[in-house]
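Taking it in order: structure first as structure tokens, then the write-up.
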Amino acid sequence: MGKRSVIPFGPQHPVLPEPIHIDLVIEDEKVVEAIPSVGFIHRGLESLVDKRDYNQMTYVVERTCGICSFQHGMGYCEAMEHVFGVDVPARAKYLRTIWAELGRMHSHLLWLGLLADGFGYENLFYQCWRVREKVLDMQEMTSGGRLIFSVNKVGGVIKDIEKEKLDIILKTMDEVEEELTVIKDTFLLDYSVQSRLQGVGIVTKEQAHDLGCAGPFARASGIRTDMRKLGYAAYPDLDFEPIISATGDSYARCYCRIMEIFQSIDLIRQAIGKIPNETDLFTPVKGNPDGEYFMRVEQPRGEAVYYVKASGKQYLDRFRVRTPTFANLPGLCEMLKNTQLSDVGLLVLTIDPCISCTER
Amino acid sequence: MSILKYAPEALKNLFKPPVTTKYPFEPAVYPEGARGHIEITIDDCIGCGMCVRSCPCGTLSVDKMAGTWSIDRFDCIACGYCVEKCPKKCLTMVEGYQTPGAKEGKVTYTKSPEQLEKDRIAREEQAKKAAAAREAAAKKAAEAAKQQQPSGLEQAAKK
Ligand code: SF4
Ligand code: SF4
């Protein structure tokens, strides 16, 4: 047995978009243990329920994370709608689906870029972000905000996407699909990319299950989990299957996310094809909320859980978010064991960590 | 060969114009309905304070008497909730993001002197009306009391 030493990794590190600190116990060049610590950017958003009423909370919840902001808002609103017992108009459900999938696309494209940057492929990095820019433009055109939409409201949505804009989205989806195909081939077939990703950081199906992994991280290990299948928003009307891979290595995680972008394009097309022509965008809610609800939403990074509890007052009693990165951290630490120190940066990236969400 | 998978694309990109715009030398293009910052048509504002109560950031303040409305631009998250809540529809979300700066972003809008004068006259008239209404109500109450008194005596006599 070699001599053990501890190397701190993060919170500031070139591959990390957000601060997480991991103490790496190493033996020679091999990691034998990884001990994470979070808490650098805790903002106490959950405790704001004491001071902001349930409508204002929509905007607070949305700002939990800059990347999956729409899905945070949607998860919270769906939970509140269940507490109120209101039904959302069908068009609003479809609009939510379209926005959610646009969000997933831009999140995965961002991640692909970071991954390419992580293994030193600068050119590919910029290509991914160039494509992502088109998706961001669609978001800005439809909601007015590039990343934070502020279109959700308890009971529905406040903005419509007109026919012309839906057509522009469809056209852009074609362009994105074309450009993405080139990127996909590079990620999945290029020799140098494969050599960095294949067989690195394997998480078996049993491990992923036992450690409660979520989202693409779990799907890459062969677990068929996708909260969209639970049927919120317009997903019950759309035809899709969770994308899974069996190998559980970094390559599988990359594969799952790339294919999910194509799936999102497909879902947006389906949703635009089926969107009902209604003028109603929200059901007015009356009175104060009373009751509690657990809402599960599939975010780009995996399953997010929203818990709301109200007791007939304007302010909620309790609000809690369990974010996907929080669920994936134990998996990450397990995965880091027995890997080379030089792979750690890349492996941390492959779970798509979103620390702002985790710390709220 | 798969090792040069991306080479043709990379070569093509060498001869393409950049996808970015040269902001600030070229103007930024905002789509219609972009959520940039809040503007107010101050003369339409009635100082009801709905926007102040609805704002999740507590960045707004309004003074009905002085006819002012202020916003701290750096605290505003451009959520648009105040625009939705304003009963007079005098708030609008317009394009153009707040530029960064070292100074405080607080801006105060004051009503025009003509509008302030109109408001003052309206307030006075309202006060007069209210006073008149109070007087009338007091008169009515006194009359009612007068009518009630004899009936009270009658009842006592009957007993
Ligand atoms: S846009 Fe939102 S944050 Fe800004 S002043 Fe209005 S309510 Fe407040
Ligand atoms: S809600 Fe509108 S009318 Fe009322 S104070 Fe605010 S800006 Fe003025």
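The values are calculated or read from the model by the stated rules, or taken from the named source; none is laboratory data. These numbers were taken from a predicted model, which means no experiment stands behind them. For neighbour counting, all protein chains shown are included, and Cβ atoms are generated from backbone atoms with ideal geometry for every residue, glycine included. Ligands, DNA and RNA are excluded from the accessible area calculation, which covers all protein heavy atoms including side chains. Shrake-Rupley method; radii C 1.70, N 1.55, O 1.52, S 1.80 Å.
Under the definition of Cα pairs under 8 Å and six or more residues apart, what whole-number percent is the relative contact order of the stretch A:249-360? Display every interim value, and only then the final one.
Numbers: 104 pairs, mean separation 22.3, N = 112.
Normalised by residue count, the contact order of the stretch A:249-360 is 20 percent.
When the charge dipole of chain A is built from unit charges on Cβ atoms (+1 for Lys and Arg, -1 for Asp and Glu) and taken about the Cα centre, the candidate among A:267, A:356, A:307 whose Cα reaches farthest toward its positive end is A:307. Cross-link reach is defined here as a Cα-Cα straight distance under 24 Å, omitting same-chain residues fewer than 8 places apart; for residue B:139 the lysines meeting it are B:128, B:129. Using R0 = 22 Å, the C-beta based FRET efficiency linking residue B:109 and residue B:74 works out to 0.85. Going by the alpha-carbon gyration tensor, a ≥ b ≥ c the square roots of its eigenvalues, is the protein assembly as shown rounded (a/c under 1.5) or, if a/c is not under 1.5, prolate (a/b greater than b/c) versus oblate? Note, shape of the protein assembly as shown comes out prolate. In the context of the full protein assembly, residue A:165 retains an accessible surface of approximately 40 Å², using a probe radius of 1.4 Å and ignoring ligands and nucleic acids.
Given R₀ = 41 Å, FRET efficiency for residue A:122-residue A:5 by Cβ-Cβ distance, to 0.05? It comes out at approximately 0.80.
If contacts are Cα pairs under 8 angstrom and at least 6 residues apart, what is the relative contact order of the stretch B:32-111 in percent?
Values: 142 pairs, mean separation 35.0, N = 80.
The normalised contact order for the stretch B:32-111 reaches 44 percent.
One Cα centroid belongs to the stretch A:227-305, the other to the stretch A:156-201; the line between them spans 16 Å.
Once you reduce the stretch A:309-360 and the stretch B:10-84 to the center of their Cα atoms, the two points are 32 Å from each other.
Could you please report the charge total around residue A:232, scoring K, R as +1 and D, E as -1 over all other residues with beta-carbon less than 11 angstrom from its beta-carbon?
For residues surrounding residue A:232, the net value is +2.
Accessible surface buried by the B/A pair amounts to about 2100 Å², both sides summed, 1.4 Å probe. The residues of the stretch B:30-48 listed by number as losing at least 50 Å² of accessible area in the complex, against the isolated chain and with a 1.4 Å probe, are B:31, B:35.
Count, for each residue of A:142-153, the Cβ atoms from other chains sitting within 10 Å of its Cβ, then give me the mean as a whole number.
On the way: counts 2, 4, 11, 7, 3, 0, 4, 2, 8, 2, 0, 2.
Mean number of neighbouring Cβ atoms from other chains: 4.
Between residue A:87 and residue B:135, the distance separating the two model label sites (each 7 Å from Cα on the Cα→Cβ line) works out to 5.8 nm. Once backbone amide H atoms are built at 1.01 Å from N, residue A:244 has no partners under 5 Å, excluding neighbours fewer than 5 places away on the same chain. At the residue level, residue B:83 shows approximately 40 square angstrom of accessible surface with a 1.4 angstrom probe and all protein chains present. Against the main long axis of the alpha-carbon atoms of chain B, helix B:113-158 sits at an angle near 30°.
Which FRET efficiency value, to the nearest 0.05, do you get for residue B:146 and residue B:102 by plugging their Cβ-Cβ distance into 1/(1 + (r/R0)^6) with R0 = 56 Å?
Details: r = 72 Å, r/R0 = 1.28.
That gives a FRET efficiency of 0.20.
Summing Cβ point charges (Lys, Arg +1; Asp, Glu -1) relative to the Cα centre of the protein assembly as shown gives a dipole of roughly 1960 debye. Mean residue ellipticity at 222 nm, helices only, chain A: -15500 deg cm²/dmol; runs of at least 4 DSSP H residues each add -39,500 (n - 2.57), and the sum is divided by the number of residues. With an a/c value of 1.5 or above and a/b not larger than b/c for the gyration tensor axes a ≥ b ≥ c computed over the alpha-carbon atoms, the stretch A:185-262 is described as oblate. Here the relative contact order of chain A, from alpha carbon pairs under 8 Å that lie six or more residues apart, stands at 26 percent. Relative to the longest principal axis of the Cα atoms of chain A, helix A:163-189 runs at roughly 10 degrees.
Positive-end ranking of B:33, B:20, B:82 along the dipole of chain B, with charges on Cβ about the Cα centre, is headed by B:82. In chain A, what percent of the accessible surface is made up of carbon and sulfur (1.4 Å probe, ligands and nucleic acids excluded)? Of all accessible area on chain A, carbon and sulfur atoms account for 52 percent.
When the chain is fully extended, how far beyond the present Cα-Cα distance does residue A:204 get from residue A:47, taking 0.36 nm per residue of separation?
52.8 nm
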